[in-house]
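Asker: Take a look at the following structure, please.
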Amino acid sequence: MRIALVSDAWQPQVNGVVRTLTTTVAELQRLGHEIETITPDGFRTVACPSYPEIRLALGSGREVGRRLAGFAPDAIHIATEGPLGWAARRWCMRAGLPFTTSFHTRFPDYLAVRTGLPAGIFWATLRRFHAAADRVFVATPTLATELHGRGLTRLHRWGRGVDRALFRPDGPRLIEAADLPGPVMLHVGRVAPEKNIEAFLAADLPGSKLVVGEGPALAGLRDRYPAARFMGALHGERLAAAYRTADVLMFPSLTDTFGLVMAEAVASGTPVAAFPVPGPLDVIEPGAGVLDHDLVAAVRGALALDRDGVAASGRRFDWSRCTAEFLGGLTRIARTPVPA
């Protein structure tokens, strides 16, 4: 099958969306599918305001159409609502071709945090973008319920997986954290206001706080919380070692649609402490973590969990199954795409 995947989120960005898309592409290619990725690295770009590592493609409309027409895909999936996503959407609609989209990020909530404006005023644009799709892929039942309530009814479940050969309970720990007094509480993710990291850093907790990730809030948080250890971004075996080093993963976000780092932590045998909100409610099973409106209580409960039991819960995050779900949601194009 020839599949065109259009995404404004791509390497070298480091986040759950990029890990999901790149892993899915690799799995699809392993199964013999031919993939055309239309991503910012093929265009002239500018830095996204307040997200400098995110590059936004400029003047991409004609080239997106040319590449889609030249590839003649059997299916088109538009993963993000950025300039490339909108360009692909316009081309598909002009050509009368079906396409699918996926909802990865609550941008209205992110923008509300950054601007102080109500999130509701930003939802109309996202609803318009996704309403034209044959199906909208969503990661969790909770997210599906929310989007259905916002008028998006053609929804398809597309779960998430974990590289369990990498994120596993056995293996080395992070050498740089060997001197930290326990319990070690870890946060992994973009260091940005919408991640609510300060709720973790300000909590009165024993032991040590370890932060893995980069982002616009890093300098300010490092200054305000000098007792915490900020490691920057970690990848591969070093990220896996950080999970194994931690006694608990802290996930204070109130806005994530899934939270892939929670699945990685659980697969590593590290329990999760989080708020009972969308994302954690779907990802964390009983015995894999504790959800509580009191983050300190959630930590205490998570520290009492058995790590073997936590790791057992992580076995349900399987990329092969998720890739099958992705394929099952695509809409086949019945005719050859017209030229742009």
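All of the numbers you see were taken from the coordinates with simple rules; none came from a lab. Predicted, not measured: the structure shown is a model, and the values here were computed from it. With ideal geometry, Cβ positions are generated from the backbone for all residues, glycine too; neighbour counts draw on all protein chains shown.
Asker: Expressed in nm to one decimal, what extension gain is obtained for the pair residue 145 and residue 198 from 0.36 nm per residue of sequence separation less their Cα-Cα distance?
Answerer: Length gained between residue 145 and residue 198: 16.2 nm.
Asker: Using DSSP to call loops (not H, G, I, E or B), can you name the trypsin sites (Lys or Arg not before Pro) in segment 272-340 whose Cβ has at most 10 other Cβ atoms within 10 angstrom?
Answerer: The qualifying sites are 332, 335.
Asker: Separate question: Read phi for every residue in segment 167-183 and hand back ³J(HN,Hα) as whole Hz from Karplus 6.51 cos²θ - 1.76 cosθ + 1.60, θ = phi - 60°, with x for Gly and Pro.
Answerer: The phi angles translate into 8, 9, x, 8, x, x, 9, 6, 4, 5, 9, 5, 8, 6, x, x, x Hz.
Asker: Turning to a different aspect of this structure: Please give the helix 61-71 orientation as an angle from the longest Cα principal axis of the chain, in degrees from 0 to 90, rounded to the nearest 10.
Answerer: On a 0 to 90 degree scale, this one is about 80.
Asker: For segment 175-316, take every pair of Cα atoms, bin their distances at 10 Å starting from 0, and report each bin as a whole percent.
Answerer: Pair shares across the bins are 13, 48, 35, 4.
Asker: Continuing with this model, one more query. Using 5 Å bins from zero, what percent of all Cα-Cα pairs in segment 105-252 falls into each bin?
Answerer: Calculated over all Cα pairs of segment 105-252, the distribution is 2, 8, 15, 15, 15, 14, 13, 10, 6, 2, 0 percent.
Asker: Using the alpha-carbon atoms, what tilt in degrees (0 to 90, nearest 10) does helix 236-245 show relative to the longest principal axis of the chain?
Answerer: Tilt relative to the chain: about 40 degrees.
Asker: Now for a separate question. Work out, step by step, the length gained on full extension between residue 296 and residue 69: first 0.36 nm times the residue separation, then minus their alpha carbon distance; give nm to one decimal.
Answerer: Result for the pair: 76.3 nm of gain on full extension.
Asker: Using only the Cα atoms of the chain, what do you get for the radius of gyration and for Dmax, in Å?
Answerer: 20.3, 63
Asker: Distance in nm between label sites at residue 127 and residue 47, each 7 Å beyond Cα in the beta-carbon direction?
Answerer: Here the modelled spin labels are 3.5 nm apart.
Asker: Determine the sum of side-chain charges near residue 38: Lys and Arg each +1, Asp and Glu each -1, restricted to other residues whose C-beta is under 15 angstrom from that of residue 38.
Answerer: Computed value for this residue: +2.
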